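The values are calculated or read from the model by the stated rules, or taken from the named source; none is laboratory data. Since this is a predicted model, take the numbers as computed values, not measurements. Note that we place each Cβ from the backbone using ideal geometry, even for glycine, and neighbour counts take in every protein chain shown. To get the accessible areas, we keep the full protein, side chains included, count just its heavy atoms, and leave off ligands, DNA and RNA. Shrake-Rupley method; radii C 1.70, N 1.55, O 1.52, S 1.80 Å.
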Amino acid sequence: MKRVLVATGGGDCPGLNAVLRGIVKRASQERDWEILGSYEAFNGVLREPMELIVLDEKKVSGIHVKGGTIIGTTNKGGPFAWPVKNKDGSWTTVDRSDELLRRLQYQNIEAVINIGGDGSQRISQGLFEKGLNIIGVPKTIDNDLGGTDFTFGFQTAVEIATDAVDKLVTTAESHNRIFILEVMGRDAGWIALHAAVAGGAEICLIPEIPYDINSIVERLHARIHRGRGFAIIVIAEGAKPKGGDVVAEELDEVGYQHKHLGGAASRLKKELKDAGVEEDVRVTILGHLQRGGTPNAYDRILATQFGVKAFELVLEQDYGKMVAYKHPNIVGLPIKEVIATYNTITLDDQLLKTARGIGINLGD
Ligand code: F6P
């Protein structure tokens, strides 16, 4: 029996379960393969006792419609930076990657499929360089991973954000208010841009284009003077004013590797008020609602394609590759190449041009 270990790392994301199901279903068509899931990324392998679970067809039956991940996830630490508490109560990290490899060998693991975002794929590359047979699968609602046209989870997040715009229009229109909707995406404005175009927002602020508050105020005045007393602004959590920085807090969660973004919408509200905007302004932060619930059909399909391809790369022993969608194909790309790039919106992006074409103000 040949064994493949799968792990889901980083923030949860709609479609993770569909990838797991795709891997298991594809593997079940070959003889003598067993798929094991490691609880909470590689923590399941590194914990004592190990927390591994056999993923068979029964276990994954019907899970493609469920959000989250049935094997849990974490965006803290990892095999190269495992958090350890010092005697004085402070925390440090240790490298447990060699131990991870030994433990995998001991479990007779032939190959690993690591499903995760940027941070997880850096771990994949590190382990590949240490000799592990590993395949990466790109996951994130932010759509910010290089190499792939789309990551799964993104389209579901866009739908949720668009639905939020639609709902805010109802109140904005009834009360003649300005609504600011803050969406996720870290340093990439993909969710904001797509939701702004799909939802018909007047203003869209993304990390890639630092905004000028005067441009926004002008646009609002022009709209209000035309007799439309309401406006919708979609702002990405990573948006910043010209010459300014993102709004972020360092979390004191042990092993958490990112700045926690949030508060861009409230800052913008204050900036609008300071600039003399008299209309009522309300802020809505969509937060983790964007990652929750059922994956949409697009993400279920893409995730299933990624799962099937990941297992086929294992069959071909084509390791060190990340599965990617390059329209119209699902391909394998060297993880090393993929993690060297970061997918943000370029100024010549087609959808950005479309947004300008329909008069959306981008804050510049
Ligand atoms: O990367 C996905 C994401 O949802 C980002 O859009 C967001 O900034 C971050 O994760 C939030 O992370 P957490 O769930 O740890 O608060």
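A few comments on the model shown:
- Of all residues in segment 163-179, those satisfying the criterion of being over 16 Å from ILE285 (Cβ atoms) and free of Cβ contacts under 8 Å to residues at least 60 places away in the same chain are ASP166, THR170, GLU173, SER174.
- Within segment 108-131, residues that are of a type in the set (Phe, Trp, Tyr) sit with their Cβ atoms under 7 Å from residues that are open to solvent by 10 Å² or more (accessible area, probe 1.4 Å) and more than 16 Å from the ligand (Cβ to nearest atom), at 6+ positions apart or across chains, in these pairs: PHE128/TYR319.
- Selection within segment 1-32 - without any contact (Cβ under 8 Å) to a residue 40 or more places away in the chain and among the basic types (Lys, Arg): ARG31
For (1) of a type in the set (Lys, Arg); (2) touching a Pro at 6+ places or on another chain (Cβ under 6 Å); (3) open to solvent by 60 Å² or more (accessible area, probe 1.4 Å); (4) closer than 27 Å to ARG122 by Cα, each residue gets a yes or a no:
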{"site": "ALA264", "(1), (2), (3), (4)": "no, no, no, no"}
{"site": "LYS269", "(1), (2), (3), (4)": "yes, no, yes, no"}
{"site": "GLY276", "(1), (2), (3), (4)": "no, no, no, no"}
{"site": "ALA297", "(1), (2), (3), (4)": "no, no, yes, no"}
{"site": "GLU312", "(1), (2), (3), (4)": "no, no, no, yes"}
{"site": "TYR325", "(1), (2), (3), (4)": "no, no, no, yes"}
{"site": "ILE335", "(1), (2), (3), (4)": "no, no, no, yes"}
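- Restricted to segment 70-91, and to residues there that are open to solvent by less than 60 Å² (accessible area, probe 1.4 Å) and outside any loop (DSSP other than H, G, I, E, B), the residue that is nearest to LEU46 (Cα to Cα) is TRP82.
- Residue in segment 125-139 that is out of contact with any Leu (no Cβ under 7 Å at 6 or more places or on another chain), closer than 18 Å to GLN305 by Cα, away from the ligand (no atom under 13 Å from the Cβ) and among the hydrophobic types (A, V, I, L, M, F, W, C) present: yes
- Taking the conditions (1) surrounded by fewer than 18 Cβ atoms within 10 Å (Cβ to Cβ); (2) free of Cβ contacts under 8 Å to residues at least 40 places away in the same chain; (3) of a type outside the set (Lys, Arg) in turn, VAL247 satisfies each one other than (1).
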